[in-house]
Each structure stands twice: as structure tokens, then as C-alpha cells.
Amino acid sequence: MPNKHDAAPVLDALAAYRRRGELAFTPPGHKQARGAAPEVRALLGDAVFFGDLLASGGLDDRRTGSRVLRRAEELMADAVNADHTFFSTCGSSLSVKAAMLSVAAHGQELLVGRDAHKSVISGLILSGIRPVWVEPRWDEDRHLAHPPTADAYDRAFAAHPDARGALITSPTPYGVAADLRAVAEVCHRRSRPLVVDEAWGAHLPFHPALPTWAMDAGADVCVTSVHKMGSGLEQGSVFHLRGDLIDHDTLASRADLLGTTSPSVLLYAGIDGWRRQMVLEGHTLMSRALALAAAVREEIEAVDGMHVNDRADFCGPDAGCEFDPLPVVIDIRDLGISGYRAADWLREHHHIDMHLMDHRRITAQLTHADDAETADRLLAGLRDLAHRAPALPRGPEVSVPAPAELRMEQEWLPRDAYFTPTEDVPVERAAGRIAAEMITPYPPGIPVVLPGERLTEPVLRYLVTGLAAGMNLPDPADPKLRTVRVCAGDQG
């Protein structure tokens, strides 16, 4: 019996476009690769250009009203137990903003986990929403933040009963997922919606051994990046809607407000093809990935000086969280070198790119695309690193604050601080001033400094020493952090 998920509407429409021999006198100007530079065609291949056409008047006839895209979104919603799905070609950074603007407006309160991605902070700046920060669970020994608990959201709602809803990030890039059922229950008891930034969870609906998928846990909107743990192209994102606490047309309007009028059909095709792949083969693919991750974790744990963090490390017996083993988080503190130094060495000597790195960790993000060959290469590189580590320069020490020192007071709204007149002051004189910019170690993209926070010496020392050790800070006005952008109207 035919399976409706055998279809891939976007891919099918692209194939039909080629078969018909359509001749376009429209953008894009390369005209199905004919105008592209020969060296570009040689490197990228013509298939990239064949898939790059107008979404309307190309993929879809003008009169069909985006039927192809709507059908692809309907199939995606069916695949992941959502009522409605929206495709985005601007990454989850757009998707999460659209969700936030559907829940709260300028001056209204929204509960937000303080471990949110910088895209959430950008949404606060654009919208003027007033954040009520919900503190993550801080692991003081490992210097890591895990998602806030349901009790933390319950207390925040009790203190701010007018808050319009809540946003939580789950799972984290380190594989820790919140107890979403409990958080959703806290919200729904007050008839408030829950938005889940599940950018790292595209694979979760397709295997029962993985953490609970947000839609199954009762989330109202779930945002996920198909390119992170799925097979989509970079910037491919989807966001899903269930229930009636967030109006469908409002969410669609917010997405239209923020989105591009020239969406990439290539990204649509990647999302569409990935959905078909996972519905038809996802359980098998994820079973293999989980088995491979278990074997890789065991092998790395046997390497002297390396410890692979697992559920017991991050969740504990009473935390109520879930754990995704595919992000292989390796603590190398006992090697005596930083994660920055280790990642640079692996790239230089083994051409291996690690995902996250910090003062004591490196992370290898495994997916269904990995196999014995890629795992063996990773393991060989890590064993060589452990062997060579005693001879490597130690590198600068990173001054990591205690959790209480890491959190600064939010004295101005992010929007107000960002758009006020600013001045750049030497970092040595920035403590006590109100920040007018984000300062975000990347990856994973969780800001240490937000606009409107009053800067403190421990946080500035952490960033300066981290930068010297290899931390990447892409967003401050001065990436070398010789100066910090602060609000001119506040003199500390």
C-alpha cells in the first residue's frame, strides 16, 4: 500500500521543472547554471544551480498559491505529531523570533531561560519584550548550565503572573533535555503557551531512546534546525504548532514579517527530503547512530586523560532531565590543556573539526551520517592528542567565575540598552557600566553579556582570559575586546 510519505513535493516539483524544460526570464540571474562562472560550476556542480529557482513562478505556478510548499509542510506536520508546520530558510534564528512575537508584545513579560541562544536575545531587542530570566541548573564543578526545572518556571510565574508565556531551550548543545512535560504543565495550568527552542532536536521524533520530542511533551510551538542534527542544508529550519494557545494566523504573520521574500528552494528541498528520509528510515538510522555513539563513548573513556560526560554527570538522580548521547562531550581537564588548544591541534594535525570547545572540553557531534570510518578517524585523532598532550604548551588559563559571579543584574531592557546612544570604553574601565551589546562565545552562541546588564569585573576577566586562550567572540563591536560598548547615558 502506498505511503503518503513516499512523496517529497518540493523535490518532485524540481524534477518536473527540469523535465518540462522551463525557460525562465526571471531571477535568479544565473538561469539554471548557464550564467554561473565556470570555476564555480566546476566546484559546486550544476545540480546546485538547477535547484535554485523562484519559489513562486518557478517551483509553483503563480496561480497555484504555493501548493507545493503547503503540501510539504503538511507532510512534515504529520511526521512529527504537529498540527501545523512552517518551513524557514532563515534558520531557527528567525523561527524563534516569530514564535516569541506571537506570544508577547512590546512591554509584556515573557519567561526566558537565561541559557537562551543569542537569537532569542535578538528577538527581545527587536520586540521590546520584557524578559523574566529563569535561572538554569548550574553545575558548579563542571562550569556548565543545564535547562531550568519546571519548579523554576513555576516560581517565576508566581512572581510574574502577567507573563504571557515561557520559552525554554531543550536539548542543549551538550545533550541535556529538560523535563518538558512538567514545564508544559506549569504553563498550561495558567493557560500560557510554552515555546521550545529545540534547535538541537530535529532527530528526536524518530527514535524512542532519544529525549521526548517537544510536540509529544505538550509544547505549543517547537523550533528546530534541520541542518544541525538532520540532513538539511545550513539555514534550513522548521517550527511546529499545536493547540490553540497561539493563533495559527498570528504565527504565520510574524514569520512573514521577519522572513525573506526570496526563499531558497534548495533549502526547502533539503527539509522536504530529510522528512521523507526520516519517516521511512529514521528508526533504523537513529538506532545505528545510537549504537555507534555508545561504542565511541566507551573507546574514548578508555583513553587516559579523557572522560566522556554521560547522563549521570549531567542529570543526576533527581534532576528530572533526559539525555541525548549523540553529542559526545569530552572532558580533557586531566590532559592539562584547554579545549581550545585541543581543538586547534586536532584541526591542524588530523583535519578533524570538533564542535564545541571551552576551557576544559571538546565535543564531537555524532549524527546518523557517521559510520565506523568516521568514528575510527575521530578515535585515532583523540588517542594521538592524548599521547601528544604532555608536550603541548599549556596555554593561558581561563578565569571562570562561580555561577553567582557569572550572572549580572539586568538593569535596562535589552531593547532600550541596545538602541540608546553608546560609547566604547576600555575593557579595564567597563565594570560598573551598562552593556549596550551582546558578547557571545561561539559556539554554542549563548551570550555571556546582554544589552542592559551591568558589567562586573569577574565576567569581563572571564571573557578577556577566554579570548587569550582561544575563545571566539564574533559579536562585540571590538572582537579583540580591547573596548566594550556601553550605554552613554549611564556612568556607573
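The values are calculated or read from the model by the stated rules, or taken from the named source; none is laboratory data. The model shown is predicted, which means the values in this text are computed figures rather than measured ones. In this analysis, Cβ positions are derived from the backbone assuming ideal geometry, glycine residues included, and neighbour counts consider all displayed protein chains.
Screening A380 on (1) over 27 Å from W274 (Cβ atoms); (2) touching a helix residue (DSSP H, G or I) at 6+ places or on another chain (Cβ under 8 Å); (3) surrounded by 17 or more Cβ atoms within 10 Å (Cβ to Cβ) shows it passes everything except condition (3).
Do we find that A82 is in contact with a His (Cβ under 7 Å, 6 or more places away or on another chain) and either buried (at least 23 other Cβ atoms within 10 Å of the Cβ) or among the polar types (S, T, N, Q) (or both) in this structure? Here the answer is yes, as A82 does meet what is asked. Can you find even one residue in region 202-213 that is over 15 Å from the mean Cα position of the chain (by Cα), under 21 Å from G243 (Cα atoms) and surrounded by fewer than 22 Cβ atoms within 10 Å (Cβ to Cβ)? Among the residues of region 202-213, at least one is over 15 Å from the mean Cα position of the chain (by Cα), under 21 Å from G243 (Cα atoms) and surrounded by fewer than 22 Cβ atoms within 10 Å (Cβ to Cβ), which makes the answer yes. When G113, G165 are checked against the criterion of being over 30 Å from D331 (Cα atoms) and not charged (D, E, K, R), G165 stands alone in meeting it. Screening region 224-252 for residues that are aliphatic (A, V, I, L, M) and assigned to a helix (DSSP H, G or I) and picking the one that is nearest to G270 (Cα to Cα) gives V226.
Looking across region 297-353 at every residue that is over 24 Å from A199 (Cβ atoms) and of a type in the set (V, I, T), the one that is surrounded by the most Cβ atoms within 10 Å (Cβ to Cβ) is identified as I332. Residues in region 476-492 that are crowded, with 17+ Cβ neighbours inside 10 Å and either under 25 Å from the mean Cα position of the chain (by Cα) or under 29 Å from A342 (Cα atoms) (or both): P476, L481, T483, V484. Within region 182-213, the set of residues being touching a Gly at 6+ places or on another chain (Cβ under 6 Å) and under 24 Å from V132 (Cβ atoms) comprises A184, R192, P193. For region 260-296, the set of residues classified as under 30 Å from R70 (Cα atoms), surrounded by 18 or more Cβ atoms within 10 Å (Cβ to Cβ) and aliphatic (A, V, I, L, M) consists of V265, L266, L267, A269, I271, M278, V279, L285, M286, listed by residue number.
In summary, S264 fulfils each of the numbered conditions (1) in contact with a Ser or Thr (Cβ under 6 Å, 6 or more places away or on another chain); (2) of a type in the set (S, T, N, Q); (3) more than 30 Å from P9 (Cβ to Cβ) with the single exception of condition (3). Yes or no: L463 within 26 Å of H143 (Cα to Cα) and free of Cβ contacts under 8 Å to residues at least 40 places away in the same chain? Criteria met by L463.
The condition of being out of contact with any strand residue (DSSP E or B) (no Cβ under 8 Å at 6 or more places or on another chain) and modelled with pLDDT of 95 or more holds for only one of H84, H106, that being H106.
Residues in region 199-246 that are within 20 Å of C315 (Cα to Cα), of a type outside the set (F, W, Y) and out of contact with any His (no Cβ under 9 Å at 6 or more places or on another chain): G201, L204, A209, P211, T212, A217. Among the residues of region 434-453, the one identified as in contact with a Gly (Cβ under 7 Å, 6 or more places away or on another chain) and either β-branched (V, I, T) or surrounded by fewer than 20 Cβ atoms within 10 Å (Cβ to Cβ) (or both) is I434.
Among the residues of region 22-34, those that are more than 30 Å from the chain's Cα centre (by Cα) and either at pLDDT 90 or above or surrounded by 10 or more Cβ atoms within 10 Å (Cβ to Cβ) (or both) comprise E22, A24, T26, P27, G29, H30, K31, Q32, A33, R34.
Within region 476-492, the set of residues being touching a Lys or Arg at 6+ places or on another chain (Cβ under 9 Å), modelled with pLDDT of 95 or more and of a type outside the set (A, V, I, L, M, F, W, C) comprises P476, D478. Only a single criterion out of (1) at positive phi; (2) at pLDDT 95 or above is not satisfied by G445, namely (2). S92 fulfils the conditions (1) of a type in the set (S, T, Y); (2) touching a Leu at 6+ places or on another chain (Cβ under 6 Å); (3) crowded, with 19+ Cβ neighbours inside 10 Å except for a single criterion, (2). Where helices (runs of 4 or more DSSP H) fall entirely within region 124-223, those with at least 2 residues that are under 16 Å from S95 (Cα atoms) and at pLDDT 95 or above are at 214-217. Would you mind stating whether L473 is buried (at least 19 other Cβ atoms within 10 Å of the Cβ), touching a residue at least 12 places away in the same chain (Cβ under 8 Å), in contact with a Phe, Trp or Tyr (Cβ under 8 Å, 6 or more places away or on another chain) and among the hydrophobic types (A, V, I, L, M, F, W, C)? Spelling it out, L473 is indeed buried (at least 19 other Cβ atoms within 10 Å of the Cβ), touching a residue at least 12 places away in the same chain (Cβ under 8 Å), in contact with a Phe, Trp or Tyr (Cβ under 8 Å, 6 or more places away or on another chain) and among the hydrophobic types (A, V, I, L, M, F, W, C). Mind checking which residues of region 281-325 are touching a residue at least 40 places away in the same chain (Cβ under 8 Å), part of a loop (DSSP other than H, G, I, E, B) and of a type outside the set (A, V, I, L, M)? Those that are touching a residue at least 40 places away in the same chain (Cβ under 8 Å), part of a loop (DSSP other than H, G, I, E, B) and of a type outside the set (A, V, I, L, M): D304, G305, N309, C315, G320, C321, D324, P325. Total residues in region 253-280 satisfying the condition of being closer than 17 Å to G123 by Cβ and outside any loop (DSSP other than H, G, I, E, B): the figure is 6.
Residues in region 434-492 that are closer than 30 Å to K228 by Cα and part of a helix (DSSP H, G or I): V459, Y462, L463, V464, T465, G466, L467, A468, A469. Selection over region 366-377 of residues that are in contact (Cβ under 8 Å) with a residue 40 or more places away in the chain, of a type outside the set (D, E, K, R) and surrounded by 14 or more Cβ atoms within 10 Å (Cβ to Cβ) gives a count of 4.
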